[in-house]
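Data first, discussion second: the structure below is written as structure tokens.
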Amino acid sequence: MCGRFTLFLDPGELKEELDLGPIEAELHARFNIAPTQPVAVVTEPVKRQVELYKWGLIPSWAKDPTIGSRLINARCETLAEKPAFRGAFERRRCLILADGFFEWAHPDVKTVRKTPYFFHLASGKPFTFAGLWEFWRSEAGEAVHTCTIITCPANEQIAPFHDRMPVILPGEVRWKWLDPAAKPPELNRYLVPYPAGEIAYHPVSTLVNNPAADEPAVIRPVN
């Protein structure tokens, strides 16, 4: 599960670290990106242009766009089977830019609120989630580009918090994921847990629980 993430690094740093192309989208520092909000994506491996898509996949055949709020994540094990993801897995893969994400620790007592934790690369560098994208048009002609984040079983570091984690693609396979010629089983080899030793994390306040809270305090460590 990935329900919140961040992208607050400078666009120039993102472009250099991730070897991106034009960043025509207007990127602002985001400390609490929530479902249905715009997220930065790259959909092709040559020009590598950064665009903004809505988080929450709306399949092209959907009658009701609210389905997107239920399709913010896609399990890697069933991408080739689920009608909502099958076509996108074959032809519409994307990278979703990020520099951190959140998970919540389960409390020992049910009346206690879950403690949120901020996860990021130990290097402090940005990264890319493996994602899928879709184009949807309403009966009134409204056109929307949407996306979903692919998840895989959690590594041993994240497993105490959640049994799933977002798929983070390392640099050596990032652009292979977008290769139009790539097909399973090659694609499936990329959908694995990121090495635990390369991830750092710390507890943060419950401020992140409020989607309207989008400020540096959201990721600030707390005791």
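Values quoted throughout were computed directly from the atomic coordinates according to the rules given, and no laboratory measurement underlies them. Since the structure is predicted, the reported quantities are computational estimates derived from the model, not experimental observations. Here the Cβ is made from the backbone with ideal geometry for all residues, glycine too, and neighbour counts use every protein chain on show.
For the stretch 5-219, give the magnitude of the charge dipole about the Cα centre (Cβ charges: +1 Lys/Arg, -1 Asp/Glu; no others), in debye to the nearest 20. Before the final figure, lay out each step's value.
Values: 23 positive and 27 negative charges, 133 e Å.
In debye, rounded to 20, the stretch 5-219 gives about 640.
Once R0 is set to 35 Å, what does the formula 1/(1 + (r/R0)^6) return for the Cβ-Cβ distance between Lys183 and Asn223, expressed as a FRET efficiency to the nearest 0.05? It would help to have the intermediate numbers written out before the result.
Numbers: r = 49 Å, r/R0 = 1.39.
Between Lys183 and Asn223 the formula returns 0.10.
Among the chymotrypsin sites (Phe, Trp or Tyr not before Pro) within the stretch 15-96, which fall in a DSSP loop and have no more than 14 other Cβ atoms within 10 Å of their own Cβ?
Numbers: sites: Phe31, Tyr53, Trp55, Trp61, Phe85, Phe89; in loops: Trp61.
Of the chymotrypsin sites (Phe, Trp or Tyr not before Pro), the ones in loops of the stretch 15-96 whose Cβ has at most 14 other Cβ atoms within 10 Å are Trp61.
Once the piece of chain linking Leu52 and Glu17 is laid out straight, how much longer is it, given 0.36 nm per residue of separation minus the C-alpha distance between them?
Working: separation 35, 0.36 × 35 = 12.60 nm, distance 1.90 nm.
Stretched fully, the Leu52-Glu17 segment lengthens by 10.7 nm.
Longest segment of the chain with no trypsin sites (Lys or Arg not before Pro) in a DSSP loop having at most 13 other Cβ atoms within 10 Å?
Values: sites that count: Lys47, Lys63, Lys110, Arg113, Lys114.
After excluding every exposed loop site, the longest remaining stretch is 115-223.
Among Ala74, Ala212, Ala130, determine the one that fluctuates most according to a GNM of the chain built with springs between C-alpha atoms less than 10 Å apart.
Ala212
Given the options Leu207, Leu57, Leu169, state which has the largest fluctuation in a GNM of the chain using a 10 Å cut-off (strictly under) for Cα springs.
For the chain, modelled as a Gaussian network with Cα springs under 10 Å, the answer is Leu207.
Taking amide H positions as placed 1.01 Å from N in the peptide plane, with prolines and chain starts having none, which residues 5 or more places from Val167, or on another chain, fall under 5 Å of its amide H?
Ala130, Ile150, Thr151, Cys152
From zero up to wherever the largest Cα-Cα distance of the stretch 75-202 sits, split into 10 Å bins and tell me the percent of pairs in each.
With a bin width of 10 Å, the distribution comes to 12, 38, 30, 16, 4, 0.
Ranking Cys147, Cys94 by Cβ neighbours within 10 Å, fewest first, what do you get?
On the way: Cys147 30, Cys94 26.
By the 10 Å Cβ count, ascending, the order reads Cys94, Cys147.
To the nearest 500 deg cm²/dmol, what mean residue ellipticity at 222 nm is calculated for the chain from DSSP H runs of n ≥ 4 alone, each contributing -39,500 (n - 2.57), summed and divided by the residues? It would help to have the intermediate numbers written out before the result.
Details: 3 runs with 24 residues, N = 223.
After summing the helix terms and dividing by residue count, I get -3000 deg cm²/dmol.
Using Cβ contacts closer than 10 Å as the measure, can you line up Thr151, Thr115 from fewest to most?
Numbers: Thr151 24, Thr115 16.
Least to most surrounded, the residues fall as Thr115, Thr151.
Roughly how many Å is it from the Cα centre of the stretch 16-90 to that of the stretch 135-167, as a whole number?
What the calculation gives is 8 Å, centre to centre.
A 25 angstrom limit on the alpha carbon distance is what I want to check against. Which of Lys15/Lys63; Lys54/Lys82; Lys15/Lys183; Lys15/Lys82 exceed it? Walk me through the numbers on the way to the answer.
Working: Lys15/Lys63 37 Å; Lys54/Lys82 20 Å; Lys15/Lys183 27 Å; Lys15/Lys82 34 Å.
Lys15/Lys63; Lys15/Lys183; Lys15/Lys82, as the Cα separations exceed 25 Å there.
Give me a comma-separated list of calculated 3J(HN,Hα) values for the stretch 164-174, in order, Karplus coefficients 6.51, -1.76, 1.60 applied at θ = phi - 60°, integers in Hz, x for any Gly or Pro.
10, 8, x, 6, 9, 8, x, x, 6, 10, 3
Can you return the aspartates and glutamates within cross-link range of Lys125? Criterion is Cα-Cα under 13 Å, with same-chain partners fewer than 8 residues away left out.
Here the aspartates and glutamates satisfying the reach criterion relative to Lys125 are Asp10, Glu13, Glu16, Glu17, Asp19, Asp99, Glu198.
Suppose the chain between Asn210 and His28 were pulled fully straight at 0.36 nm per residue; how much longer would it get relative to their current alpha carbon spacing?
Details: separation 182, 0.36 × 182 = 65.52 nm, distance 1.86 nm.
So the extension gain works out to 63.7 nm.
Output the relative contact order of the chain, whole-number percent, from Cα pairs under 8 angstrom with separation of 6+ residues. Please report the intermediate quantities before stating the final value.
Details: 488 pairs, mean separation 50.5, N = 223.
Result for the chain is 23 percent.
Given H placed 1.01 Å from N in the peptide plane, which residues other than close sequence neighbours of Leu71 have an amide H under 5 Å from its amide H?
Under 5 Å from the amide H of Leu71 lie the amide H atoms of Leu57, each far enough along the sequence or on another chain.
Summarise the long-distance tail of P(r) for the stretch 1-60 by giving the % of C-alpha pairs beyond 18 Å.
That fraction is 36 percent.
For the stretch 21-147, what is the relative contact order in percent, using Cα pairs closer than 8 Å and at least 6 residues apart in sequence?
Numbers: 217 pairs, mean separation 32.4, N = 127.
Worked out over the stretch 21-147, it gives 26 percent.
Taking R0 as 22 Å, what FRET efficiency do you get between Ser138 and Arg91 from their Cβ-Cβ distance, rounded to the nearest 0.05?
Details: r = 22 Å, r/R0 = 0.99.
Once the sixth-power term is evaluated, E becomes 0.50.
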